[in-house]
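Here the structure is laid out as structure tokens; the discussion comes afterwards.
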Amino acid sequence: VQLQASGGGLVQPGGSLRLSCAASGRIFSINGMGWYRQAPGKQRELVATIGSGGSTNYADSVKGRFVISRDNAKNTVYLQMNSLKPEDTAVYYCLYSDRGSDYWGQGTQVTVSS
């Protein structure tokens, strides 16, 4: 499985960004996709996940601001990030999981700064 993420960039506090991640290769119909992030000097942490049936899970720090969604026909997961804060600055990694295996995308930088 290969993952291609896009949509990162520089945004001012309070702004919005939308990340996308497309999975290709041997995709299993029942799977999980999601986003993690890693800030400098910190461990990688969960941002949000979504199952193939649409169930979602969010980190407390992004609840009410970020929305994860997916298009199963395109094997693509999205992360709509609103009301961005400087503490959201990190490299965001896309994750695909099925049958006990995890696959990671290359990461996309999100910088929130004025």
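The values are calculated or read from the model by the stated rules, or taken from the named source; none is laboratory data. Quick caveat, the model's predicted, so the values are computed rather than measured. Note: ideal-geometry Cβ built from the backbone for every residue, glycine included; neighbour counts use all protein chains shown. Areas reflect the complete protein model, heavy atoms only, side chains present, ligands, DNA and RNA absent. Shrake-Rupley method; radii C 1.70, N 1.55, O 1.52, S 1.80 Å.
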> If the cut-off is 16 Å between C-alpha atoms, which lysines fall inside it for K63, apart from same-chain ones fewer than 8 positions away?
Replying inline: K85
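Working out 0.36 nm times the residue gap between S55 and V67, then minus their Cα-Cα distance, what length gain in nm do you get to one decimal?
Working: separation 12, 0.36 × 12 = 4.32 nm, distance 1.20 nm.
Result: 3.1 nm gained on full extension.
Work out, in µm²/s and without decimals, the Stokes-Einstein translational diffusion coefficient of the chain at 37 °C, 0.692 mPa s, Rh from Kirkwood over C-alpha pairs.
Values: Rh = 14.0 Å.
Approximately 235 µm²/s, per Stokes-Einstein.
For the pair L10 and K74, what calculated FRET efficiency results from E = 1/(1 + (r/R0)^6), where r is the Cβ-Cβ distance and R0 = 25 Å, to the nearest 0.05? Intermediate results must be reported in sequence, preceding the final value.
On the way: r = 27 Å, r/R0 = 1.07.
Plugging the Cβ-Cβ distance into 1/(1 + (r/R0)^6) gives 0.40.
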> Tell me, what is the FRET efficiency for I30 and W104 to the nearest 0.05, using R0 = 30 angstrom and their Cβ-Cβ distance as r?
Replying inline: 0.95
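Sort D102, D88 by accessible area with a 1.4 Å probe, largest first. Can you show the working numbers first?
On the way: D102 95, D88 0 Å².
Sorted by accessible area, descending: D102, D88.
Which order do the peptides 10-18, 28-36 take when ranked by the mean count of other beta-carbon atoms within 10 Å per residue, highest first?
Values: 10-18: 13.9, 28-36: 18.0.
Per-residue Cβ counts within 10 Å, averaged per peptide and sorted highest first, yield 28-36, 10-18.
Pairs of alpha-carbon atoms within less than 8 angstrom and 6+ residues apart define the contacts here; what relative contact order does segment 1-56 have, in percent? Don't skip to the answer; put the middle values down first.
Values: 66 pairs, mean separation 15.0, N = 56.
Over segment 1-56, the number comes to 27 percent.
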